[in-house]
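Colleague: So that we are looking at the same thing, I have put the structure below in structure tokens.
The values are calculated or read from the model by the stated rules, or taken from the named source; none is laboratory data. What you see is a predicted model, and the numbers here were worked out from it, not measured in a lab. Counting neighbours? That spans all protein chains shown, and the Cβs are built from the backbone with ideal geometry, glycine included.
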Amino acid sequence: MTSSPETINASAAGVWTLGDLTVNRIGFGSMRLTQDGAAFGHSDSGDRDRALAVLRRALELGVNHIDTAAFYFSPLRSANELINSALAPYADDLVITTKVGPGRDPSGSWIWATPEQLRGQVEENLRQLGRDHMDVVNLRIARSHGTKPVAEHFGALAELREAGLIRHLGVSNVSPEQLAEARAIAPVVCVQNAYGLGSSAEDDAFVRFCGEQGIAFVPFYAIAGEGRESGASGVQDKAVLTVAHHHGAAPAQVRLAWTLHQGPHVLAIPGTGNPDHLAENVAAGTLRLSEEDLALLAS
């Protein structure tokens, strides 16, 4: 897919709203900026200056939705600190989304917050980012808690929203039942779940339901797939390669474009520490898949 650097812009994929906040559908995920191979996969972020440059370049390319978390850190750097250093004072239209629930102590060991600890996690994000409120906070649920109630935790975040620390609420790694439980407490503007080409029919149905309800669906691992935190394996499906060749595009661009084709409410947050990959990811928003392409990918 041929796009000159001057013509690449995240606005090409269209926009969606998170509550009263309008974002371009191609955003940026900050996880890989921390270069913590053990916890989050192998980042291609070479150094701190390069990571800062990637963040600034993302905004130049029209990205106005950045996904982060206080637990995105390594012995070398913290994603929130990088965002603060690179982008503050923040542009008025920049939307920063974080997630709470999981946490990591100074040694890097994982913990899961009680409802009473969620305020501390939100305040930790605010301090690191230099903000007085968060645009969107997602309650992240453990994969092993797919059937557990979320009301107590989500209710604690709803109280922080009423107190002005949070503007909008979302949920992450949830089931349809957990989404319904959260929505009975407070409005939910987005669902952030693992999703991509090859996901199950149940996942497809959940994406469609979110669209019907006007809720943004924000897939993670849209490129990595089963590789999850470790990143894409490099082994590509034949159909993906065929479509990529037809469009002169990279396989990762086809996977991102496929997710965007699942509905106008689907937002992409691909992450990278490589400026070339960043431009490639943003350019995927201009890739228009035909009915034939989509049928081949579905097969």
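Colleague: Please give the strands (runs of 3 or more DSSP E) falling wholly within the stretch 89-206 in which 3 or more residues are of a type outside the set (Gly, Ala, Ser) and within 27 Å of Pro270 (Cβ to Cβ).
Modeller: 95-100, 134-140, 166-172, 190-192
Colleague: If you go through the stretch 158-175 one residue at a time, do you hit one that is without any contact (Cβ under 8 Å) to a residue 24 or more places away in the chain and small (Gly, Ala, Ser)?
Modeller: yes
Colleague: Separate question: Suppose we keep only residues that are under 16 Å from Ala69 (Cα atoms) and polar (S, T, N, Q) within the stretch 155-196. Which one would you say is surrounded by the most Cβ atoms within 10 Å (Cβ to Cβ)?
Modeller: Looking at the filtered set, the residue picked out is Gln192.
Colleague: A follow-up question, please. Quick check on Ala205: is it in contact with a helix residue (DSSP H, G or I) (Cβ under 8 Å, 6 or more places away or on another chain), over 26 Å from Leu59 (Cα atoms) and at pLDDT 95 or above?
Modeller: no
Colleague: Mind listing just one residue for me: the one in the stretch 257-292 that is free of Cβ contacts under 8 Å to residues at least 40 places away in the same chain and either in contact with a strand residue (DSSP E or B) (Cβ under 7 Å, 6 or more places away or on another chain) or part of a loop (DSSP other than H, G, I, E, B) (or both) and, of those, surrounded by the most Cβ atoms within 10 Å (Cβ to Cβ)?
Modeller: Within the stretch 257-292, the match that is surrounded by the most Cβ atoms within 10 Å (Cβ to Cβ) is His261.
Colleague: Scan the stretch 56-87 residue by residue and report those that are small (Gly, Ala, Ser), part of a loop (DSSP other than H, G, I, E, B) and more than 28 Å from Ser107 (Cα to Cα).
Modeller: Selection gives Gly62 alone.
Colleague: So, one more: Among the residues of the stretch 19-55, how many are in a loop (DSSP other than H, G, I, E, B), closer than 13 Å to Thr272 by Cα and modelled with pLDDT of 95 or more?
Modeller: Going through the stretch 19-55 one residue at a time, the tally reaches 2.
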